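The values are calculated or read from the model by the stated rules, or taken from the named source; none is laboratory data. Only a predicted model underlies this, so the values are computations on that prediction, with no experimental measurement involved. Cβ coordinates were reconstructed from backbone atoms using ideal geometry, including for glycine residues, and neighbour counts include every protein chain displayed. Calculation scope for accessible area: heavy atoms of the full protein, side chains included, ligands and nucleic acids excluded. Shrake-Rupley method; radii C 1.70, N 1.55, O 1.52, S 1.80 Å.
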Amino acid sequence: MELKEHLQPHAVLIPLPLQGHITPFTHLAMKLASKGFTITFVNTESTHQKIATAQSLKDDNPFSHAQESGLDIRYAKISDGFPLSFDRTANAGQFVEGLIHVFQAHVDDFVENLVLSKPNPPISCIIADSFHVWASTIAKKYNLVNVSFWTEPATVLTVYYHMDLLKSNGHFGCHDKCEDTIRYIPGIQAIEPSDLPSYCQDADTSTVMPRFVFKCIEDAQKADFVIGNTVQELESSTISVLQERQPFYAIGPVFPTSFTKRTISMLPASDYTDWLNSKQDGTVLYISFGSLANLSKQDIMEIAQGILISKVSFIWVLRHNILGSEERNILPLGFKDETIDKGLVVPWCSQLAVLSHPAVGGFLTHCGWNSILESIWCKVPMVCFPILTDQFTNRKLVVDDWRIGVNLCTGRLIRREVVVDNIGRIMSKSDELRKNIEKTKMILQNALSDEGSSEKNLNQFIQDMKNMILQKK
């Protein structure tokens, strides 16, 4: 029995309570469980309530379908330190302060109770989102292997790891004042100051979000292992540099590689699929910025007018995040009426269902990393308009490095004429774009094959982690 317990790791997975982080954590849980792990997946009570409401869960467990397949995934809920009625979106700053100063105590209590309950097999490691500030402290206290799951590109992590170089060279917090290309970050041949993560561009780093991010990065560097939702071949030089600092394993893309009817049927239904079925292949532009909250009315006006002028068929989702608050409708007055023959505006959709539909030929996106990976997998080229955080660096990868997309505009000033031009470029079935995204999709697909880099890296990570678990016994 003791040998069997050593060979079967029991990992506690704790994502950041945001949709873009929970989604890859969910798929990571199933991937590791299929490799023989016991998983305890921890959501906050607030997150669970929203998921349960959106997906109409009958048995209060989002992993029930995985358990039916024999996967050992256990599910738990803990408080994030705020009452369920607290509006986390409207009070984002206060919520993040709570994640920094309060959430750790709730995680500590949960892990302590779990360890004392002596589960079979015993807890052996914690896999925490890299955007948690407490992972190294909790892992050390309970003698657990500390694994950090990085849900963004390796390039972004490398930039964060070299903030000292940005500061010493005058590129940290210089915002629009710097124009010279940065060529001194190890593993990154060249990057423009405007392509750095937004928290490295902002002049004021004393606000809550930069403090939170930098504290998380500081803790992530203490992890025993870092696993990344990326692919070795896409970021090879950057990953090599990271591996000189700590064990880093590129195991992505971490999502289901076939989007089955069962997968889609678990999500809230809408009439957008029927609408897409009525369109010719490759003629629809999918538009999603995750949320419209961070766009000005002027930005949205210019984008909307550009879409009108282009006469492209489109589906515009006001939010693809089931955890977010309902979006207020800030589309221009009369926009829906003027585009009734060409477009569909929906409050929510399953992004995978839309991107994988043959009618979709382009994606106007905020460049969230999950969105980029999904778009590549579905071979849909992108029009990029980054808004926050890693999205600026993600845009650089899509447009400059892999050449599978175009910019919506240069800088932050949107003009409808430029919107029209770039929508036309992406929807024109450009041979170069299609060829490049076909090649990039093959890189992802090959990485996930039995002999691919991501599969080998995952197996190596599991073996290395098992060895460290045995050393801690």
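Which of rounded, prolate or oblate describes the chain when judged by the alpha-carbon gyration tensor and an a/c cut-off of 1.5? Because a/c hits 1.5 or more and a/b exceeds b/c, the chain counts as prolate. Centre-to-centre, using Cα atoms only, segment 443-473 and segment 16-51 are separated by 19 Å.
List the longest stretch of the chain that has no exposed loop site; here a site is one of the GluC sites (Glu not before Pro) assigned by DSSP to anything other than H, G, I, E or B, with at most 10 other Cβ within 10 Å. That would be 1-178. Let me make sure I get this right: for segment 1-149, a, b and c are the square roots of the gyration tensor eigenvalues over alpha carbons, sorted descending. Under 1.5 in a/c it's rounded, otherwise prolate if a/b > b/c, else oblate. Which is it? Oblate, since a/c reaches 1.5 and b/c is not below a/b. Remark: segment 369-379, residue by residue, has Karplus-estimated 3J(HN,Hα) of 5, 4, 4, 5, 4, 5, 5, 4, 4, 8, 6 Hz, where x stands for each Gly or Pro and the curve is 6.51 cos²θ - 1.76 cosθ + 1.60 at θ = phi - 60°. Sequence-ordered 3J(HN,Hα) estimates for segment 430-446 from the Karplus curve with 6.51, -1.76 and 1.60 and θ = phi - 60° stand at 3, 4, 5, 4, 5, 5, 5, 6, 5, 5, 5, 4, 5, 4, 5, 5, 5 Hz, glycine and proline given as x. When the helices of the chain are scored as -39500 (n - 2.57) per DSSP H run of n ≥ 4 and the total is divided over every residue, the value at 222 nm lands at -12500 deg cm²/dmol. Stretching the chain fully between D450 and R183 yields a gain of 92.5 nm (0.36 nm per residue, less the alpha carbon separation). The Cα-based radius of gyration of segment 168-223, divided by its Kirkwood radius, gives an Rg/Rh of 1.00.
Applying 1/(1 + (r/R0)^6) with R0 = 25 Å to the Cβ-Cβ distance of M442 and T283, what FRET efficiency is obtained, to the nearest 0.05? Efficiency for this residue pair is about 0.50.
With 22 Å as the limit on Cα-Cα distance, the pairs of K297/K336; K297/K396; K215/K473 that go past it are K297/K396; K215/K473. Of R425, R416, the order by accessible heavy-atom surface (1.4 Å probe, DNA, RNA and ligands excluded), from most exposed downward, is R425, R416. Compared with the alpha-carbon gap, the fully stretched path from A76 to K472 is longer by 140.0 nm at 0.36 nm per residue. With the alpha-carbon atoms of segment 43-119 aligned to their principal axes, the span from lowest to highest coordinate is 41, 33, 14 Å, starting with the largest. The charge dipole of segment 127-189, taken about the Cα centre with unit charges on the Cβ atoms of Lys, Arg (+1) and Asp, Glu (-1), comes to about 320 debye, rounded to the nearest 20.
About the Cα centre of the chain, what is the dipole size in debye to 20, counting +1 per Lys and Arg Cβ and -1 per Asp and Glu Cβ, all else neutral? It works out to roughly 460 debye.
Among the cysteines of the chain, C125, C200, C216, C349, C367, C378, C384, C409 have no other cysteine beta carbon within less than 4.7 Å of their own. Treat segment 61-189 as a sphere of radius equal to its Kirkwood radius over Cα pairs and apply Stokes-Einstein at 4 °C in a medium of 1.567 mPa s; give the translational diffusion coefficient in µm²/s, rounded to a whole number. Result for D is 70 µm²/s. Put simply, the amide H of F41, placed in the peptide plane, has neighbours under 5 Å in L13, R74, Y75, A76, leaving out anything fewer than 5 places away on its chain.
A crude spin-label estimate for the pair Q246 and Q460, with each label 7 Å from Cα along the Cβ direction, gives 1.8 nm.
For the pair A90 and K429 in one chain, pulling the backbone fully straight at 0.36 nm per residue adds 118.0 nm over the alpha carbon distance.
Ranking M163, M209 from most to least accessible surface, computed with a 1.4 Å probe over the protein chains only, gives M209, M163. With the Cα gyration tensor of segment 351-451 giving a ≥ b ≥ c as the square roots of its eigenvalues, does the rule (a/c under 1.5 for rounded; else a/b larger than b/c for prolate; else oblate) give rounded, prolate or oblate? Taking the square roots of the gyration eigenvalues as a ≥ b ≥ c, segment 351-451 is prolate. Note on T205/K140: beta-carbon distance plugged into 1/(1 + (r/R0)^6) with R0 of 35 Å gives a FRET efficiency of 0.80. Summed over all non-identical Cα pairs, the Kirkwood treatment of segment 383-430 gives a radius of 11.1 Å. Residues M468, M301, ordered by accessible area of protein heavy atoms at a 1.4 angstrom probe radius and largest first, appear as M301, M468. On the basis of the beta-carbon distance and an R0 of 30 Å, N113 and D400 show a calculated FRET efficiency of 0.05.
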